[in-house]
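Remarks on the structure that follows.
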Amino acid sequence: MIVAMQEKATEEQIDAVIDAMVDSGVNVHRTTGAYQTILAGVGPTANVELRKFELLPGVLYVHRITAPYKLAGRAFRPEGTQVEFANGVKVGGDHVHVMAGPCSIETREQMFETAKRVKAAGGAFLRGGAFKPRSSPYAFQGLGIPGLELMREAADAHGLLTVSEVMEIAQIEPMLPLVDCFQVGARNMQNFNLLRELGQMRKPVLLKRGIAATIEELLLSSEYIMSGGNYDVILCERGIRTYETSTRNTMDISAIPVLKKLSHLPVVADPSHGTGRRDMVAPMAKAAVAAGADAILVEVHPNADKAASDAAQTLYLDQFEKLVGELRLIATAVGRSF
Ligand code: PEP
Ligand code: MN
């Protein structure tokens with residue numbers, strides 16, 4: 001930690017800050033400049049509450065140097081993590097993957113048609129929500145486990161992996177045979193009890209960034225899962241809420257290189273929720289691949305306009321196929337396989 005003292009700080013104030021730092025268990029290195037004194041604290045500061053130093057008389061600001069997340073930090077695995085699935089598919093390596101499917105699982109025909117086209121386009125994952133976090137309690141809430149059974153059947157028929165959102169601890173157990181990857185939605189990014197329980201599983205988790213979460217908060221949430229021993233976490237940028245109203249959310253493309261720098265975990269981009277608009281999905285998907293995303297998560301539906309949820313941001317299957325062709329060009333241009 002670094003404590004910068006105010007220019008007018010007195011020796012007594014500086015001594016009091018040094019004493020407080022030593023009391024917290026850190027070694028203090030003092031640098032006295034022409035105008036300002038800087039105190040560098042070296043030692044275990046993860047549990048030290050920095051704010052208490054900010055309040056001491058004479059202190060200008062306090063900074064943490066080491067990240068508060070350890071397992072998710074790049075230093076833990078400098079070479080990067082590849083999350084491997086049962087069929088050998090790896091997310092986080094050289095290959096850029098496609099995860100696609102409807103926002104909500106609705107019918108058998110919908111899931112089989114979608115699975116066929118996702119597979120044909122080269123996708124490895126079929127997505128589909130069965131437990132839906134809807135803003136309104138009167139909106140379609142999802143088919144639950146019978147829906148996941150449909151998705152499992154469609155995915156197995158076409159050799160695809162499944163990813164679906166889990167909203168509460170009680171859903172984990174029944175979902176285990178039906179999903180290859182648990183999705184934690186934006187609204188649950190800080191449902192710490194759910195995250196801890198998923199940390200006890202040995203199944204990959206796709207963790208979405210919260211609607212108003214900072215990148216550090218996303219990484220701390222991934223730390224909850226990893227601290228239980230489940231290191232197979234995939235991070236997902238899905239847009240954040242800003243003052244801009246042209247799009248449903250503001251797709252933070254820059255979060256992709258930032259996460260890649262700070263963490264070793266694979267990063268997925270979801271331009272569907274990131275923009276909320278069918279016509280903006282393709283440009284943002286392409287930007288995300290160019291920016292280093294390890295996979296694209298996109299909502300598609302055979303009859304997109306009639307989708308039971310998120311219709312406005314859902315691609316028709318032919319639009320999806322066109323997009324995949326374009327993503328292949330971008331991925332190749334930035335040195336990835338696709
Ligand atoms: C979804 O994937 O359909 C979904 C609800 O996503 P998010 O949690 O990002 O809103
Ligand atoms: Mn959706």
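Values quoted throughout were computed directly from the atomic coordinates according to the rules given, and no laboratory measurement underlies them. None of the values given here were measured: they were computed from a predicted structure. With ideal geometry, Cβ positions are generated from the backbone for all residues, glycine too; neighbour counts draw on all protein chains shown.
The lysines whose alpha-carbon is closer than 16 Å to the alpha-carbon of LYS132, local same-chain residues fewer than 8 away aside, are LYS208. For the chain, the longest principal axis of the Cα atoms and the long axis of helix 215-226 meet at an angle of about 70 degrees. Contact order for the chain, expressed relative to its length and based on alpha carbon pairs under 8 Å spaced 6+ residues apart, stands at 16 percent. Taking other residues whose beta carbon is less than 10 angstrom from the beta carbon of ALA157, and scoring Lys, Arg as +1 and Asp, Glu as -1, yields +1. Largest first and in whole Å, the equivalent-ellipsoid semi-axes of segment 2-66 read 18, 12, 11, each the square root of five times a Cα gyration tensor eigenvalue.
Between 0 and 90 degrees, the angle of helix 278-290 with respect to the longest Cα principal axis of the chain falls at about 60 degrees.
Within the chain, the longest run free of GluC sites (Glu not before Pro) that sit in a DSSP loop with at most 13 other Cβ atoms within 10 Å is 245-338. Shown here for segment 44-141: chymotrypsin sites (Phe, Trp or Tyr not before Pro) in loop regions (DSSP other than H, G, I, E, B) with at most 15 other Cβ atoms within 10 Å, namely TYR138, PHE140.
Would you mind counting up the charge near ALA67? Only other residues with Cβ under 12 Å from its Cβ, with Lys and Arg at +1 and Asp and Glu at -1. So the environment of ALA67 carries a net charge of +2. For LYS261, the lysines whose Cα falls under 17 Å of its own Cα, not counting residues fewer than eight places away in the same chain, are LYS70. Candidate cross-link partners of LYS52 among the lysines, defined by an alpha-carbon separation under 22 Å and a same-chain spacing of 8 or more, comprise LYS8. Principal-axis analysis of the Cα atoms of the chain puts helix 145-157 at an angle of about 70° to the longest axis.
For segment 2-66, the relative contact order is 46 percent, taking Cα pairs closer than 8 Å that sit 6 or more residues apart in sequence and dividing their mean separation by the residue count.
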